[in-house]
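K.L.:
Right, I'll just put the structure down here and ask away after.
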Amino acid sequence: MFIIAKTEMTEFIKLSQNWNAEPNAPNPHLELKKSVLELRFFLNPYQFEIYNEGDKGCLQFSDYSRFRFTDINDEAWYKGECRFSTLAPSWGEFYLVQGDFKEQQETTPWQYHVQHDAALNNFLFYFRDCAFECSAKNWSFKLVS
């Protein structure tokens with residue numbers, strides 16, 4: 001885990017080490033399994049040679065309270081239209097966001113699983129055509145078929 005960007009109020013810890021989403025068509029989709037939320041997507045075989053085209057990754061969020069997909073894409077991020085455009089170190093990565101999550105700057109509604117607990121971790125994953133956000137206690141990554 002590397003802290004790669006920090007402002008006075010917001011800190012981004014890059015969690016995607018040795019893996020990332022396919023840059024052109026990651027096709028992210030969710031599966032809800034009781035208190036676990038699974039986010040599945042195609043992995044990036046161009047940046048990481050250990051993966052083949054069509055390999056899928058799965059992020060599992062345990063004890064999650066809420067999630068959402070926003071319509072921020074790579075073009076909007078580079079144009080500075082995303083609430084983290086000038087703060088997040090890089091597009092296309094998976095982060096733990098600590099400190100000010102700047103929720104008031106994003107109007108996309110949350111999907112709630114349970115009442116939100118502000119003490120939970122806030123996760124952010126930038127895909128090509130959207131961003132995924134989730135508040136959860138823990139996360140894990142695995143390769144799936």
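K.L.:
Where residues in the range 5-27 are among the aliphatic types (A, V, I, L, M) and part of a loop (DSSP other than H, G, I, E, B), which of them is modelled with the lowest pLDDT?
P.N.:
The qualifying residue modelled with the lowest pLDDT is MET9.
K.L.:
With the requirement that a residue be in contact (Cβ under 8 Å) with a residue 24 or more places away in the chain and either touching a Phe, Trp or Tyr at 6+ places or on another chain (Cβ under 8 Å) or part of a strand (DSSP E or B) (or both), what does the range 32-52 give you?
P.N.:
LEU32, SER35, VAL36, LEU37, LEU39, ARG40, PHE41, LEU43, ASN44, PHE48, TYR51, listed by residue number.
K.L.:
Cβ-Cβ distance below 6 Å, separation of 6 or more or different chains: which pairs start in the range 81-101 with a residue that is farther than 12 Å from TYR126 by Cβ and touching a residue at least 24 places away in the same chain (Cβ under 8 Å) and end on one that is of a type in the set (S, T, N, Q) and assigned to a loop (DSSP other than H, G, I, E, B)?
P.N.:
LEU87/THR7
K.L.:
Hand me the list of strands (runs of 3 or more DSSP E) wholly inside the range 84-145 holding 2 or more residues that are at pLDDT 90 or above and basic (Lys, Arg).
P.N.:
Of the strands (runs of 3 or more DSSP E) lying wholly inside the range 84-145, those with at least 2 residues that are at pLDDT 90 or above and basic (Lys, Arg) span 131-144.
K.L.:
Is the range 46-66 home to any residue that is polar (S, T, N, Q), over 20 Å from ILE13 (Cβ atoms) and loosely packed, with under 14 Cβ neighbours inside 10 Å?
P.N.:
Yes; the residues of the range 46-66 include at least one that is polar (S, T, N, Q), over 20 Å from ILE13 (Cβ atoms) and loosely packed, with under 14 Cβ neighbours inside 10 Å.
The values are calculated or read from the model by the stated rules, or taken from the named source; none is laboratory data. No experiment lies behind these values; they were computed from the predicted model shown. FYI the Cβ positions are ideal-geometry reconstructions off the backbone, even for glycines, and counts take in every protein chain you see.
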